[in-house]
Structure formats: structure tokens, C-alpha cells
Ligand code: GLU
């Protein structure tokens, strides 16, 4: 789907909600149970309405700081990692208990940049998200702070929420913060600053106005939120920044109410992915398909590629790589993301999908390339 205005938001089905440390903890680092409970209740209710929800939550470091009775967050890396390890379990335990009150099952997903950068990890985490959503579970995501160091670190959950939105093909990302949206200038120092309701293009002026400031408890300021918005719209997902202290904010945003700032993406996720597949991704190998598959591609303009239609596998590639789909004369007809490696495809080519598990010992899915991951050239 594509969101063109507030009204379209009502149709958003898969939603990433990000809450910052300052939304779910107090200034003394202890948990704000009223907020967390409200969040669990509201997200469970939206889930019951048939929406798919992914929650990205910060707070591990703050909650660990509180539990260990430290006067402030540690400044050293091992200190932060240790405190996050204490806090993450407590944070998850809190969510698990409160969501369970409303009959909702949650899952902990801890990510690092590795899952975004490496195709194999990417496709693997994507499959996990899809499976969790299919099972009716709300994934609760945070950065794996105890292992993520330096170049593996995403660093802030604003950017994380945009990456997760892309990974899981979300329709909308909602970032809840201690500020109610993007202002023309910092409202704390510029009383004339205005809240901007809709942004259709993130200009350098917008980025400059975002400044660097964050609160003492959280990590990102407006800067990381604008970075997240940029990343989201460039992957075809609209993003909203709104205040976490506004009553029923998520529900009201999803009813189309003009709260916070909406950053609109011009294209939808599928268009962006298909363009990237067609022009941005290098091909690691080819699948030569039979005439039936060629006809289906030409007739329908798109279709999933099943093992049964594959005659030959060329090149060496991993699951998650981009591959060409060719006819027997070698003409490239389409490109797509393969769920199976060349070694695996050599074993399952020409066979019915029902036999994949028997041959490989396990099955990721029936399709070698899913139609959403395929672009006909
Ligand atoms: N992952 C960090 C935590 O749980 C927070 C990162 C952020 O605040 O964006 O404390």
C-alpha cells in the first residue's frame, strides 16, 4: 500500500512502533508502568483489530541502571553492555507480563547492524519476522547491546526502527518520543517554532534544523529521527513522529488524526524493492527455467519461481543473493532474491516443493523466489 495522506493511514496493516527510553522510564531510570501497561493494552487492541505490530523498544540501559542502583548510566562500553544485559531481561519480563494480561504473545528479537548488512543474515531475520507475524506474535525488538560494538552497532533505535520497517515490509513506522513532532526550530530555545504536520521532502534545511540534542535518558535526538525518516521514505515507508505522552496516540494516529509529523514516502515498498532488484543489486548467478515458467512470467507479468520450473543453476551463490532468471536460450527475463543457495538448488531443481524438506532436511519456503521479490525485466 502507499500512504498519500492521513486518511490512508487507516489502511496501514503492518506497523512498527518505536518507543524511546524517555517514554517508558522516569528521569530516575525506573520503569513507568502506567505507560508500559498502556502501550501493551493499546498494541494488543490494535492487534486484535487485525493489524500486525512490531514494537521497537529502548530502555535496557536505563532499566539496568535502575536495578543496579547506579547514580547514572555507565560511560564505558563494557559498563553499558553489562548494564544493558541486566536491563534487557527485566524490560522483556515487564512487557511479557503486561502483554500476557491482554492475551498477547510477544517475542524478543535482538538485532545488530549485521542483520541489515549481510544478505544472508538479512533474509534470515526477515523470514523470522514474517513467521512471527504469521503466528500472531508481536516481536519486541531492541539492539543486541551486549554484543554490538563499533561498526556493528546501529547505535540508536530510531534508525533501528527504520531498518526493521524495511526488513519486515512495514506499511508505517510510528516513533513515539518526548517531543510531539518535528518543529521548524528547537521549541525549547525558539518560542516561534512551529510543529510541521506533513513533510513530503526531507531537505538539507530540515536536517540542519533538527540539531543534535537528545534527552539525558534517551540516545537519539531529533537528528536520529530525521535520519530514520530519510531511511524509511527511501525504502518506501512513511513515518510519523509523535508524542508518547499523548493519550491513545497510536490508535488516534491510525484513525487518521493529525497528530505529530508525518513524513510521506512517494513510492511504496514494493516499487522501491523492485527498482533496487532491477538496477541496484548485482547478480550472483542464474536460474535457467523451463518454458512453462517462461510463459507464466510473460503472461502474468510476475510469478513466484518454484523448484519444479528450474532446469539449471549457474554460478555459486548464497540464500538472499540476487539472481537472474533466464530462458533456455540464455535471455534474462527477471531478477529476484533467492531463498536457497546454488548448492541447495542443484539438489532441488525440477522437483515439487513438497519434496524440498525430504531432500534438504529442512525447508525455508515453497518458493525459490517469491513474486514480491521478483522483477520482470
Ligand atoms: N538499545 C538501547 C537501550 O535499550 C537504547 C538505544 C536508544 O535509546 O535508541 O537502552
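Just so it is clear, none of the values below were taken in a lab; they were calculated from the coordinates. Treat the numbers as computed from the prediction; the structure is a model and nothing was measured. No Cβ is skipped: glycine too gets one built from the backbone with ideal geometry, and neighbour counts run over all protein chains shown.
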Under the rule rounded for a/c under 1.5, else prolate if a/b exceeds b/c, else oblate, using alpha carbon gyration tensor axes a ≥ b ≥ c, the stretch 21-132 is classed as oblate
Using packing as a proxy for protection, rank 351-362, 242-253 so that the peptide with the highest average count of other Cβ atoms within 10 Å comes first.
-> 242-253, 351-362
Cα shape, the stretch 88-146, gyration tensor, a/c 1.5 rule = oblate
At 20 °C and 1.002 mPa s, what whole-number value in µm²/s does Stokes-Einstein give for the translational diffusion of the stretch 216-369, with Rh from the Kirkwood sum over Cα pairs?
-> 116 µm²/s
Report, to the nearest 10°, how far helix 77-101 tilts away from the longest principal axis of the Cα atoms in the chain, using its own Cα long axis and a range of 0 to 90°.
-> 80 degrees
Mind checking the log10 I(q)/I(0) for the stretch 7-56 at q = 0.20 Å⁻¹? Debye, one equal scatterer per Cα, no solvent, two decimals.
-> -0.73
Whole-percent pair-distance distribution, where bins are 5 Å wide, for the alpha carbons of the stretch 156-208 = 4, 15, 19, 24, 21, 10, 4, 2
Between the stretch 182-210 and the stretch 82-104, the Cα center-to-center distance that results, in Å | 35 Å
Relative contact order for the stretch 1-70 using alpha-carbon pairs under 8 Å, separation at least 6, rounded to a whole percent?
-> 43 percent
Any idea what angle helix 119-134 forms with the longest principal axis of the chain, computed on alpha-carbon atoms, 0 to 90 degrees, nearest 10?
-> 70 degrees
By average Cβ neighbour count within 10 Å, what is the ranking of 65-77, 11-23 from highest down?
-> 11-23, 65-77
Share antiparallel - DSSP beta bridges, the chain, percent rounded to 5 = 40 percent
Which peptide among 108-115, 57-64 comes first, and what is the full order, when sorted by highest mean count of other Cβ atoms within 10 Å?
-> 57-64, 108-115
Express in whole angstrom the spacing between the alpha-carbon centres of the stretch 114-136 and the stretch 262-321.
-> 18 Å
In degrees, nearest 10, the alpha-carbon axis of helix 291-300 is tilted away from the dominant principal axis of the alpha carbons of the chain by 50 degrees
For the chain, the Rg and Dmax computed from alpha carbons only, in angstrom | 22.3, 70
D (µm²/s, integer) via Stokes-Einstein for the stretch 97-196, Kirkwood Rh across alpha-carbon pairs, 10 °C, 1.306 mPa s: value 101 µm²/s
